[in-house]
Amino acid sequence: MLLQAILVGLWVTWAIIDEQTLQLQTTRPIITGVVVGLIMGDLRTGLVVGATVELMFLAVVFVGTAIPPDPTLAAAIATAFAVFAGGNTELAVATAIPIALIGQTITTLQYGVVNVVMLHWADKAVAKGDIGGVKRANYVALAFNLLFYGLPTFLAVYFGADFVEPIIAMIPEQIISGLAVGGGMIGAVGFGLLLTTIKAKKLWPYFIVGYIAAAFLNINMLGIGLIAVAATFLHQIFTSSASTPETA
């Protein structure tokens with residue numbers, strides 16, 4: 001358990017650093033959930049929790065100084081808790097939002113206090129022409145992610161096996177079910193907001209085909225994904241053919 005807790009904490013630290021620098025999207029719940037599931041030895045739960053939490057945060061964006069709830073902490077700790085609970089994904093959905101709000105508080109503290117100090121450090125280095133000082137300020141700011149995100153994640157995962165089960169037993173089933181339903185509604189709202197970005201009306205028939213496949217034909221996600229790939233190729237073929245002038 002110690003090694004798993006360390007690995008999960010390190011992954012969350014890397015994901016946050018990636019979000020602040022390279023932006024390879026490893027911070028997304030759908031990736032973090034899978035990685036944590038692999039670390040915890042339950043890939044299936046990681047896939048389910050990661051996809052569920054991803055839906056909950058689809059429409060959450062960082063706009064200006066408004067700091068949104070943190071999806072990375074939510075996905076990592078919720079996945080670990082779900083594994084501890086024997087694959088209870090409803091518990092994961094119920095705990096995702098409170099954990100994300102804690103992450104939001106941590107991010108606010110980091111950006112509003114620590115990073116401001118680091119910025120003044122970098123400004124002084126710039127005034128002296130000290131490029132090395134600027135680099136050190138950035139490295140130290142990134143290293144703080146281990147304290148702000150990695151350490152809380154490590155503690156949650158390491159002590160979770162001992163403390164989560166009694167807490168679950170104390171929570172009424174109605175509350176867990178209610179939070180799970182609420183989390184599902186958040187996911188639906190996020191997906192709905194995402195759909196509003198589809199401005200081209202000619203693409204809506206593909207969405208309708210996917211909806212019919214999922215809602216009425218009971219095709220699983222792999223089958224729907226293959227249909228989407230085929231539709232993409234067919235759309236490309238037909239549109240490119242229509243735009244190519246005929247030769248005499």
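Per-structure values
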item	result
First in segment 20-41 and over 17 Å from Pro69 (Cβ atoms) and among the β-branched types (Val, Ile, Thr), second anywhere and part of a loop (DSSP other than H, G, I, E, B) and open to solvent by 60 Å² or more (accessible area, probe 1.4 Å), Cβ under 7 Å, 6 or more apart	Ile31/Gln25
Condition check for Leu179: at pLDDT below 80, surrounded by 13 or more Cβ atoms within 10 Å (Cβ to Cβ) and of a type outside the set (Val, Ile, Thr)	yes
Close pairs from segment 1-17: first under 13 Å from Ala80 (Cβ atoms), partner among the hydroxyl-bearing types (Ser, Thr, Tyr), Cβ under 6 Å, at least 6 apart	Ala5/Tyr158; Val8/Thr153; Gly9/Thr153; Val12/Thr72; Val12/Tyr149; Val12/Thr153
Complete set of residues in segment 111-129 that are more than 24 Å from Pro69 (Cβ to Cβ), outside any loop (DSSP other than H, G, I, E, B) and of a type outside the set (Val, Ile, Thr)	Leu119, His120, Trp121, Ala122, Asp123, Lys124, Ala125, Ala127
Criterion: within 30 Å of Ala92 (Cβ to Cβ), modelled with pLDDT of 85 or more and part of a helix (DSSP H, G or I) - qualifying residue of Phe159, Phe148, Phe163	Phe148
Test: residue in segment 17-27 that is at pLDDT 90 or above, in contact with a Ser or Thr (Cβ under 7 Å, 6 or more places away or on another chain) and surrounded by 22 or more Cβ atoms within 10 Å (Cβ to Cβ)	no
Selection count, segment 100-145, where residues are loosely packed, with under 14 Cβ neighbours inside 10 Å, modelled with pLDDT of 90 or more and either hydroxyl-bearing (Ser, Thr, Tyr) or touching a Lys or Arg at 6+ places or on another chain (Cβ under 9 Å) (or both)	1
Options Ala80, Ala94: the member that is open to solvent by less than 20 Å² (accessible area, probe 1.4 Å) and modelled with pLDDT under 85	Ala94
Qualifying residue in segment 211-219 (condition: open to solvent by 80 Å² or more (accessible area, probe 1.4 Å), aromatic (Phe, Trp, Tyr), modelled with pLDDT of 80 or more and outside any helix (DSSP H, G or I))	yes
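The values are calculated or read from the model by the stated rules, or taken from the named source; none is laboratory data. These numbers come from a predicted model, not from an experiment. Please note: Cβ atoms are built from the backbone with ideal geometry, for glycine as well, and neighbour counts cover all protein chains shown. Only protein heavy atoms, including side chains, enter the accessible area calculation; ligands, DNA and RNA are left aside. Shrake-Rupley method; radii C 1.70, N 1.55, O 1.52, S 1.80 Å.
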